[in-house]
Amino acid sequence: LGATTTRIGMTTSVTPARGARCARGVSARALARADDARRATHARGAASNAMDKTRGETTTTTTTRRSGGRRRDARARASADDVEERVTSTRETTTGRFGNGNTTRRDALMAAASAAALRATGANAADDDARRLFEQRFPVLFKPFIGRGTRATVKRTIVPGQMWAFEQNIELGPLETTIRCVTCKLSNGSLWVHAPLAPTEEFFEFVESCGDGTSACVRYVVVPTYALEHKIFAKDALARWRGAKLYASPGQFTFPIRDVSDEIVFGKKVDFVLQGSDLDVRSPVAVPWKDEIEFETLEAGTFDVGSTKQTIYETAFFHKPSKTLIVTDALAQIPIDPPEANSVEKLLVVSQRSTADPVPEDTPEARRAGWEKTALLVSYFFPEHEELDPAAPGTVIWTDGWHDNFQALAGRLLVPPVVRTLLYAQNPNAVRRWVAAVSSRWDFERVVPAHWEAPLACSPGDFKRAFAFLDDDAIDAFPEGDLKRGLQPVADIVLKKK
């Protein structure tokens, strides 16, 4: 999603087309109604659950709390009419029995519990919304573009007592994908935070809960790459965690205004630039966590950004106690099944065969179709089977074959198409050296990327195999039709300029 602004700096030539295309045919009013309906379902389902518990029944709720986060269980939706009918029925039954002199204490308690559940649900929903608010200080492609927005955060335990992942969704029109922050607890009890997310109170509290629960427990904040979505909230994080030191990969830049100071971008000077490798660090004071977390920085490629040559870097980290590799964009695995955090309503919008069709009914098949098309759009920008309808100007259709192309992309560890095509093709020798260093130095058992699925089982051998295309581009090749309209023309321009 962020590739057009954060990876190639071609905001004016690529981004508007991508934004228009992926949002084409989507009704803003329909999405707004869908968001309202989802919030209403959440509140009503919680009220229904509370009422069922007062009756001594067992029920499945529409949302459950897992690891301090909230996830949608779409299989258990209580309708608004059902909730209202049940509340009304309870009240009417109780009133009737009072009138006949036949009421019981249990009836009265059930009615009171039902009313209290409705009041509590509204209060809890309002509290959740407040804890998910944030201000976006710099304009980016993702919702809310700039200004006030909301994002829910999910906390996942990677290694108990040592490592956690925090996930939010970034949105562009109807497209949603996961972005992830990793937090490690060091041996002295302090926290090391990789690529902070949108600065909601919920996110901050989740991170701090991995330590002693205070803001002082976060000692180190890491910006692992130049990519905007992974560094834009570092300033807010450092304003919260004022005692933390800042570590950043080389090559940080600003655009279109160049040479903006660290104080403006991050709120403070970078304490240490992650150049090369931890093996190059002579002073343990400079990187006090290097005995537990080692690093290797990749110099990926160079682009013209506003008529200035800009080299792109990404730093990988190895958490020694848990044998976990932490990367940002270098590796990914797109899940076969729709993620639980993705909006059902948006998946249904994207699932349409034609933008002229009505939004389909909510079925597992429709959700899966929406997810598969979302993955293709995010990965390729202009996938092969998304076409303009020759019989209906202004209408977009999906032709047969998109499911096979999704199957070729998903469910396997790979270098994402944008990264492979636009970045690593520029300087494959540098990538080879980095892959050799990572796979020979560290005996990792899993990898945690910043997007899509995580954690993933991964050995050094698995890691090397994901980069086999560096020696033979036919290995794990992506469908030619998916590349040719979006990524490949841009790559051809970039590589010819070099």
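Hey, with R₀ at 60 Å, roughly what FRET efficiency would A126 and D304 work out to, going by the Cβ-Cβ distance, to 0.05? Let's see the in-between values first.
Values: r = 48 Å, r/R0 = 0.80.
Taking R0 as 60 Å, the efficiency between A126 and D304 is 0.80.
I'd like to know which of P335, T363, V281 lies farthest towards the positive end of the charge dipole of the range 258-368, counting +1 on Cβ of Lys and Arg and -1 on Cβ of Asp and Glu.
My answer, from the dipole projection, is V281.
Taking the range 327-416 on its own, what percent of its Cα-Cα pair distances exceed 15 Å?
Working: 2411 of 4005 pairs.
The proportion of pairs with Cα distances above 15 Å equals 60 percent.
Mind checking which aspartates and glutamates have their Cα closer than 15 Å to the Cα of K290? Skip sequence neighbours fewer than 8 apart in that chain.
D271, D278, D280
Return the sequence-ordered ³J(HN,Hα) values of the range 458-464 in whole Hz as given by the Karplus equation 6.51 cos²θ - 1.76 cosθ + 1.60 applied to θ = phi - 60°, using x for Gly and Pro.
7, 9, x, x, 4, 4, 4
Kindly rank 438-451, 209-222, 463-476 from highest to lowest mean number of other beta carbons found within 10 Å of each residue.
Details: 438-451: 19.8, 209-222: 18.3, 463-476: 15.4.
Packing order, densest peptide first, comes out as 438-451, 209-222, 463-476.
Using Stokes-Einstein with the Kirkwood hydrodynamic radius over Cα pairs, what translational diffusion coefficient do you get for the range 217-346 at 20 °C and a viscosity of 1.002 mPa s, in µm²/s rounded to a whole number?
130
When the dipole is taken about the Cα centre of the range 311-456, and only Lys, Arg (+1) and Asp, Glu (-1) are charged at their Cβ, what size is it in debye, to the nearest 20?
Values: 13 positive and 19 negative charges, 215 e Å.
Result for the range 311-456 is approximately 1040 debye, rounded to the nearest 20.
Cα-based Rg of the range 259-314 per 2.2 N^0.38 Å, rounded to two decimals?
Details: Rg = 14.1 Å, N = 56, 2.2 N^0.38 = 10.2 Å.
Rounded to two decimals, the normalised Rg is 1.39.
Stokes-Einstein diffusion coefficient for the range 175-235 at 4 °C in a medium of 1.567 mPa s, Rh from the Kirkwood formula over Cα pairs: what value in µm²/s? Could you put the intermediate results ahead of the total?
Numbers: Rh = 12.1 Å.
Roughly 107 µm²/s, to the nearest whole number.
Given the convex hull over the Cα atoms of the range 288-377, what projected area results after averaging over all orientations, in nm²? Can you show the working numbers first?
Details: hull surface 40.9 nm².
With the hull built on Cα positions only, its mean projection is 10.2 nm².
Working only with C-alpha atoms, what are the Rg and Dmax values of the range 207-276, expressed in angstrom?
When restricted to the Cα atoms of the range 207-276, Rg and Dmax are 12.5, 41 Å.
Sorted by average packing, counted as other Cβ atoms within 10 angstrom per residue and highest first, what order do 332-345, 409-422 take?
Values: 332-345: 18.0, 409-422: 20.6.
Going from most to least packed, we get 409-422, 332-345.
Would you mind calculating the relative contact order of the range 323-375 from Cα pairs under 8 angstrom and at least 6 residues apart, reporting the percent as a whole number? Could the numbers behind the result be given before it?
Details: 45 pairs, mean separation 19.9, N = 53.
Value for the range 323-375: 37 percent.
Relative contact order of the range 293-411: what whole-number percent is it, with Cα pairs under 8 angstrom and at least 6 residues apart? Working shown, then result.
Working: 156 pairs, mean separation 21.9, N = 119.
Once normalised by length, the contact order is 18 percent.
With Kirkwood's inverse mean 1/r over C-alpha pairs for Rh, give me the Rg to Rh ratio of the range 367-498, two decimals please. Spell out each step's value before the answer.
Working: Rg = 16.8 Å, Rh = 16.5 Å.
Checking Rg against Rh, the ratio lands at 1.02.
Coordinate-derived values only; no laboratory data. In this text, all values refer to a predicted model and were calculated from it rather than measured experimentally. Cβ sites come from the backbone with ideal geometry, for glycine too, and all protein chains shown count toward neighbours.
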